[in-house]
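Asks: Supplied in structure tokens, the structure appears directly below.
The values are calculated or read from the model by the stated rules, or taken from the named source; none is laboratory data. Quick caveat: nothing in here was measured; it's all calculated off a predicted structure. Virtual Cβ from ideal backbone geometry, glycine too; neighbours counted across all protein chains shown.
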Amino acid sequence: MESTHPHTAQASDVWSQRIARWLTHFIYWFSGNWLWIITGAIGAFYVGLPLLAPALMAGGHVGWARVIYTVFRPLCHQLPERSFFLFGPRAVYSLEALSHAAGGLVPQRWVGNSAIGFKIAVCQRDVAIYAAMTLAGLAFYPLRRTLRPLPLRWFLALLLPMAIDGFGQLFGLWVSTWWSRVLTGGLFGLAAVWLTYPYLEKGMREVHIDAAAALHDLAPAQQEMHQHG
């Protein structure tokens, strides 16, 4: 059996140490900036992109807009009568008004036209949920050291209005309104952040401390690598 060449083993050790150091640096960075990363990702993807879709439609970039609408298709029902419209005379339309504008039956994925504007790529409730999560994430920053997690019973209490509003409409008991969707969605978005972010902050703070200690332990090996490099 052939023995491993010393230089090969040494090179393997060097790369293992480099990978460990890079991963530890990444963990240290992510755990120290997780709030901005998650809040920015929610704001950019779930708020920014849906708002960009009607702007692209209004600007004549139909192909790019269709891509965004398609991306959010599995994530939202995208019903026009439950969506906000931009670049038109009104932000909200009834199904009857949309039928008149569409010249008949309104397709479920209809995005609008230049006469009435173009719909945001997610429904009114989703806009409220993700906008509330983004704003709550920003508001959490100065409170992150002291804010305690929302008790589960209060989370369920804040979730209940959305469940009642949604299931009532689903079973034909009533037709929800744009303001009820925004209000209940906003309450849920706020509750979701209040429940989870304090736990995330506590966990990420511990990870950050551990990563800092690991980087301190890796420092002598890094210096030795430079000396023999």
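Asks: Exactly one of (1) modelled with pLDDT of 95 or more; (2) assigned to a loop (DSSP other than H, G, I, E, B) is unmet by Val175. Its number?
Replies: (1)
Asks: I want to confirm something. Restricting to the stretch 109-128 and keeping residues that are hydrophobic (A, V, I, L, M, F, W, C) and without any contact (Cβ under 8 Å) to a residue 40 or more places away in the chain, which single residue is surrounded by the fewest Cβ atoms within 10 Å (Cβ to Cβ)? Don't jump to the end; show me each part of the working.
Replies: Residues of the stretch 109-128 hydrophobic (A, V, I, L, M, F, W, C): 110-111, 115-116, 118, 120-123, 127-128.
Right, trim to without any contact (Cβ under 8 Å) to a residue 40 or more places away in the chain and you get 110, 115-116.
Values: Trp110: 18, Ala115: 8, Ile116: 19.
Here the answer is Ala115.
Asks: Oh, and also: Conditions first: (1) within 27 Å of Trp36 (Cβ to Cβ); (2) charged (D, E, K, R); (3) under 19 Å from the mean Cα position of the chain (by Cα). Arg73 passes all but one, so which condition is the exception?
Replies: (1)
Asks: Here is a list: Ala213, Ala136, Ala192, Ala102. Which entry is modelled with pLDDT under 95 and more than 30 Å from Gly59 (Cα to Cα)? Even if it seems obvious, please write down each step before you answer.
Replies: Numbers: Ala136 fails: modelled with pLDDT under 95; Ala192 fails: modelled with pLDDT under 95; Ala102 fails: more than 30 Å from Gly59 (Cα to Cα).
Among Ala213, Ala136, Ala192, Ala102, only Ala213 is modelled with pLDDT under 95 and more than 30 Å from Gly59 (Cα to Cα).
Asks: I've got another one for you. Of all the residues that make up the stretch 111-137, how many are of a type outside the set (Lys, Arg) and in a helix (DSSP H, G or I)? Steps first, please.
Replies: Applying the first criterion (of a type outside the set (Lys, Arg)) to the stretch 111-137 yields 111-118, 120-124, 126-137.
Right, trim to in a helix (DSSP H, G or I) and you get 124, 126-137.
Going through the stretch 111-137 one residue at a time, the tally reaches 13.
Asks: If you don't mind, another one. Looking at the stretch 19-35 only, could you name the residues that are out of contact with any helix residue (DSSP H, G or I) (no Cβ under 8 Å at 6 or more places or on another chain) and either surrounded by 17 or more Cβ atoms within 10 Å (Cβ to Cβ) or closer than 17 Å to Leu138 by Cβ (or both)? Even if it seems obvious, please write down each step before you answer.
Replies: We begin by selecting, within the stretch 19-35, every residue out of contact with any helix residue (DSSP H, G or I) (no Cβ under 8 Å at 6 or more places or on another chain); these are 19, 22-23, 26, 29, 33.
The answer is Asn33, and nothing else.
Asks: Moving on. Quick test for you: out of Arg145, Arg153, pick the one residue that is in a loop (DSSP other than H, G, I, E, B) and either under 30 Å from Glu201 (Cα atoms) or in contact (Cβ under 8 Å) with a residue 60 or more places away in the chain (or both). Break it down stepwise before answering.
Replies: Values: Arg153 fails: in a loop (DSSP other than H, G, I, E, B).
Of Arg145, Arg153, the one residue that is in a loop (DSSP other than H, G, I, E, B) and either under 30 Å from Glu201 (Cα atoms) or in contact (Cβ under 8 Å) with a residue 60 or more places away in the chain (or both) is Arg145.
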